Amino acid sequence: MTGGTKPRRRPRRMKGALMIVAGLMICSAMLRMGQDAGQAWAKGQSDTEATALAAAGQTTHCETPPDFQEMLTAFETREARLQKRETALSERMQALRVADEEIERKLARLVAAEEKLAETISIADTAAEDDIGRLVRVYESMKPKQAAALFEEMSPEFAAGFLGRMRPEAAAGVMAGLSAGAALGISVILAGRNADVPTE
């Protein structure tokens with residue numbers, strides 16, 4: 001060693017700085033552990049209180065602000081009103097469906113009754129026409145004098161109906177046997193039936 005140089009003390013300074021940094025880190029870790037422990041303790045305390053309240057039959061709840069409570073009440077009232085209206089509408093639709101089905105059933109029965117009535121009328125008309133046709137043939141087969149005696153007792157309209165269906169030669173024989181008044185009345189009715197018939 002020369003007399004003009006001094007020994008360096010840098011390693012000692014670095015050792016001191018390392019000790020300070022290590023101390024700060026240990027303090028920071030202890031502070032964090034303390035905070036975590038405090039939070040854990042507080043959580044454990046709140047859990048203990050909640051357990052005690054539950055055991056006592058009490059529950060913790062948050063209070064709803066008055067304006068929110070009014071809004072919730074209004075929504076609930078409106079929902080109940082809508083539900084009531086929807087129920088009434090559903091019941092009305094069901095009643096309409098039942099009424100429609102009943103109307104369809106009645107309409108089907110009415111159509112069936114009309115068809116049956118038309119068939120009955122057709123049968124009656126056919127039977128009546130057959131009966132009249134038979135009577136006309138009977139009168140045609142009778143002697144004109146005998147037929148004229150029967151026609152004399154009939155009303156002119158009724159007698160004219162039969163005479164109009166008879167063969168012309170048979171009708172002429174019956175008309176010849178009638179009294180003048182009866183023959184005139186029947187002739188007027190027969191002529192009146194064809195008065196409106198066009199000639200051209």
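The values are calculated or read from the model by the stated rules, or taken from the named source; none is laboratory data. Here the structure is a predicted model, which is why all the values come from computation and not from measurement. All Cβ positions, glycine included, derive from the backbone under ideal geometry; neighbour counts span all protein chains shown. Calculation scope for accessible area: heavy atoms of the full protein, side chains included, ligands and nucleic acids excluded. Shrake-Rupley method; radii C 1.70, N 1.55, O 1.52, S 1.80 Å.
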Problem - Check on residue 123, under 30 Å from residue 170 (Cα atoms) and in contact with a helix residue (DSSP H, G or I) (Cβ under 9 Å, 6 or more places away or on another chain) - result: no
Handout entry: Residue that is within 30 Å of residue 169 (Cβ to Cβ), at pLDDT 90 or above and part of a helix (DSSP H, G or I), where the choices are 146, 83
Key = 146
Exercise for the section: Please state which one of 124, 99, 128 is more than 30 Å from residue 166 (Cβ to Cβ), open to solvent by less than 60 Å² (accessible area, probe 1.4 Å) and of a type in the set (Gly, Ala, Ser). Expected result: 99
